[in-house]
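As structure tokens, the structure follows; a few thoughts come after it.
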Amino acid sequence: MQVIKDPIGSKGARLTSHLSLPSRYLVLLATSRTIGVSARIEDEAERTRLRDAILQIEAEREHGYIVRTNAEGLPAESLGDDISYLKRVWRAVNARFTNARVGDCVYEDLSLPLRSVRDLMRANIEKGAHRFPRNV
């Protein structure tokens with residue numbers, strides 16, 4: 001089971017058996033073979049290019065993927081790197097799952113600050129020397 005929404009007040013957590021693993025540009029759908037593209041990518045030619053790139057990289061269609069908005073305009077090589085990363089994560093999750101006992105957590109996404117870094121950092125961001133006032 002995967003928690004897709006935390007409990008609020010008297011309502012319990014929302015769970016699903018459709019496991020998904022997010023990365024910077026893609027979401028791996030472990031129990032599906034569907035290829036989807038974010039609805040926020042409106043250019044139909046770009047949607048087709050991204051879908052075709054995933055199909056070419058993932059020819060054996062082990063898993064499904066959702067292409068996230070951050071992937072717009074990316075070269076296929078970057079998508080391929082993300083797929084390789086997600087497959088490594090999935091193998092590690094699967095290995096933990098085979099040895100897990102009831103109630104064990106086999107995967108937990110990054111904390112909010114690290115998810116922000118993952119999702120917002122780009123290759124074109126450079127290290128800079130920023131100075132902040134000491135009294136802040």
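The values are calculated or read from the model by the stated rules, or taken from the named source; none is laboratory data. Bear in mind the structure is a predicted one, so any value in this text is a computation, not a measurement. Cβ sites come from the backbone with ideal geometry, for glycine too, and all protein chains shown count toward neighbours.
Looking only at region 48-79, which residues are part of a loop (DSSP other than H, G, I, E, B), of a type outside the set (D, E, K, R) and out of contact with any strand residue (DSSP E or B) (no Cβ under 6 Å at 6 or more places or on another chain)?
Ala59, Gly73, Leu74, Pro75
Within region 51-99, the residues that satisfy the criterion of being of a type in the set (A, V, I, L, M, F, W, C), over 15 Å from the mean Cα position of the chain (by Cα) and over 13 Å from Leu28 (Cβ atoms) are Ala53, Leu55, Ala59, Leu74, Ala76, Ala95, Phe97. Looking only at residues in region 16-55 that are among the polar types (S, T, N, Q) and touching a helix residue (DSSP H, G or I) at 6+ places or on another chain (Cβ under 8 Å), which one is surrounded by the most Cβ atoms within 10 Å (Cβ to Cβ)? Across region 16-55, the extreme among qualifying residues is Ser23. Among the residues of region 77-105, just one is more than 19 Å from Leu55 (Cα to Cα), among the charged types (D, E, K, R) and at pLDDT 85 or above, namely Arg91. Being of a type in the set (D, E, K, R) and at pLDDT 90 or above is true of Glu72.
Looking only at residues in region 56-88 that are among the charged types (D, E, K, R) and within 17 Å of Ser20 (Cβ to Cβ), the one that is surrounded by the fewest Cβ atoms within 10 Å (Cβ to Cβ) is Arg88.
Taking the criterion of being of a type in the set (D, E, K, R), over 25 Å from Trp90 (Cα atoms), without any contact (Cβ under 8 Å) to a residue 24 or more places away in the chain and exposed (fewer than 12 other Cβ atoms within 10 Å of the Cβ), would at least one residue in region 8-15 satisfy it?
For region 8-15, residues of a type in the set (D, E, K, R), over 25 Å from Trp90 (Cα atoms), without any contact (Cβ under 8 Å) to a residue 24 or more places away in the chain and exposed (fewer than 12 other Cβ atoms within 10 Å of the Cβ): present.
Would you say Leu29 is at pLDDT below 75, under 25 Å from Lys5 (Cβ atoms) and not polar (S, T, N, Q)? Taking the combined requirement at face value, the residue does not satisfy it. Please verify whether region 89-100 includes one or more residues that are surrounded by fewer than 16 Cβ atoms within 10 Å (Cβ to Cβ), basic (Lys, Arg) and touching a residue at least 24 places away in the same chain (Cβ under 8 Å). No - not one qualifying residue is present in region 89-100.
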